[in-house]
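Engineer: Take a look at the following structure, please.
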Amino acid sequence: MLKFRSGILTLASGAMLSLSVGCTEYGQPAVGGGASVVPQVVFLASESESGDAESAGGAEATSEVAVGSIRGRVQIVGSVPEMKLLVKAGDDIKDKEVCAAVDVPDERLMVSNDGGVANVFVYLPKAPKGGRPVTAPAEPFVFDQKNCRFYPHTVVLPVNQTVRVLSNDSVAHNTHTYPSKNNSVNSGVAPMDREGKLEIVYRKAEAVPLAVKCDYHTWMNAWHLPLDHPYGAVTNEAGDFAIADIPAGTHSFVVWHEAADGNFVQRKLAVEVKPGEETEVKIEYPAALLKL
């Protein structure tokens, strides 16, 4: 039987933020800088906790390694700045017939009506002792472009996963990656390439998400995070994330978001994972600390 534990994490003034994104219509997996202030984390027993309660998201302890899971939410506190469109339909820009056919939002800060923040990365910086190995799927991951916008905007990828770059636009693009540990890619993408002649493979894990840009249309950008373990996620449009099958123990998670000052919401977010339990973590981030 699984038990629930819930945690409340409040970032004091000077702290920062991050999360985990769900699927987009284009198939995104569900899956130095920053403040040094350490937030206070208090774990409280949930009212629903009982010996008979079962968690849909929790993980059972195995005979080999006891595991648990975490589930959480990243939420903005305070007045959220209004984000202007990157491109407004009808704007007089390069390749406007395609690139300005529709409104293109500024995805640096995507906030739900109740303050949930999308596109926040939450992950372990390295594989934990006793953790599961990561295996790259045989099927390539599809990284697409439409109306001069990358899909998805954020994604966690296993190392050695083939990323197939497609385009649904009738104009040329290029895909330019900015890794620290992997080889950079800077290659053109032909109009309406639905086969994906350009393929990218990240052979090494990165410490932080790497930027992906189009040099032809400078407002286009995305973030890829290759990891050599399965313990990472991106917040969805509601600000929610979940990571399963984590070896029991106390782990330090990285919380990273492109709109946080210095990008780190937290460099070392300590979370205790207990066997067969799901730990809930709530991360509140002051809007005043955003850097846009």
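Engineer: Spot the failing condition for His257; the list is (1) modelled with pLDDT under 95; (2) in contact with a Leu (Cβ under 7 Å, 6 or more places away or on another chain), and only one is missed.
Structural biologist: His257 satisfies every listed condition except (1).
Engineer: When you scan the stretch 181-269 for strands (runs of 3 or more DSSP E) that lie fully inside it, which ones turn up with 2 or more residues that are more than 18 Å from Pro128 (Cβ to Cβ) and touching a strand residue (DSSP E or B) at 6+ places or on another chain (Cβ under 8 Å)? Give the derivation first.
Structural biologist: Numbers: elements: 186-189, 198-201, 210-213, 221-227, 232-234, 240-247, 249-256.
Fully inside the stretch 181-269 and qualifying: 186-189, 198-201, 210-213, 221-227.
Engineer: Tell me which residues, restricted to the stretch 84-107, are within 17 Å of Cys214 (Cα to Cα), under 28 Å from the mean Cα position of the chain (by Cα) and either loosely packed, with under 12 Cβ neighbours inside 10 Å or of a type in the set (Asp, Glu) (or both).
Structural biologist: Asp106, Glu107, listed by residue number.
Engineer: Still on this structure, I have one more. Name every residue in the stretch 179-203 that is surrounded by 14 or more Cβ atoms within 10 Å (Cβ to Cβ) and farther than 18 Å from Lys146 by Cα, in order of residue number.
Structural biologist: Residues satisfying the conditions are Pro179, Asn182, Val185, Ile200, Val201, Tyr202.
Engineer: I've got another one for you. Please enumerate the residues belonging to the stretch 122-131 that are among the charged types (D, E, K, R) and within 20 Å of the chain's Cα centre (by Cα).
Structural biologist: Result: Lys126, single match.
Engineer: Out of curiosity, is His217 within 27 Å of Ala118 (Cβ to Cβ), at pLDDT 95 or above, surrounded by 17 or more Cβ atoms within 10 Å (Cβ to Cβ) and in contact with a helix residue (DSSP H, G or I) (Cβ under 8 Å, 6 or more places away or on another chain)?
Structural biologist: Working: within 27 Å of Ala118 (Cβ to Cβ): yes; at pLDDT 95 or above: yes; surrounded by 17 or more Cβ atoms within 10 Å (Cβ to Cβ): yes; in contact with a helix residue (DSSP H, G or I) (Cβ under 8 Å, 6 or more places away or on another chain): yes.
Spelling it out, His217 is indeed within 27 Å of Ala118 (Cβ to Cβ), at pLDDT 95 or above, surrounded by 17 or more Cβ atoms within 10 Å (Cβ to Cβ) and in contact with a helix residue (DSSP H, G or I) (Cβ under 8 Å, 6 or more places away or on another chain).
Residue-by-condition table, conditions (1) of a type in the set (A, V, I, L, M); (2) assigned to a loop (DSSP other than H, G, I, E, B); (3) surrounded by 16 or more Cβ atoms within 10 Å (Cβ to Cβ):
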{"residue": "Val122", "(1), (2), (3)": "yes, no, yes"}
{"residue": "Lys126", "(1), (2), (3)": "no, yes, no"}
{"residue": "Lys129", "(1), (2), (3)": "no, yes, no"}
{"residue": "Glu139", "(1), (2), (3)": "no, yes, no"}
{"residue": "Asp144", "(1), (2), (3)": "no, no, yes"}
{"residue": "Val155", "(1), (2), (3)": "yes, no, yes"}
{"residue": "Asn160", "(1), (2), (3)": "no, yes, no"}
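Engineer: Identify the single condition in (1) surrounded by fewer than 17 Cβ atoms within 10 Å (Cβ to Cβ); (2) within 17 Å of the chain's Cα centre (by Cα) that Asn263 does not satisfy, given that it satisfies every other one.
Structural biologist: Of (1) surrounded by fewer than 17 Cβ atoms within 10 Å (Cβ to Cβ); (2) within 17 Å of the chain's Cα centre (by Cα), only one is false for Asn263: (1).
The values are calculated or read from the model by the stated rules, or taken from the named source; none is laboratory data. Note that the structure is a prediction, hence the values are computed from the model and not measured. Cβ coordinates were reconstructed from backbone atoms using ideal geometry, including for glycine residues, and neighbour counts include every protein chain displayed.
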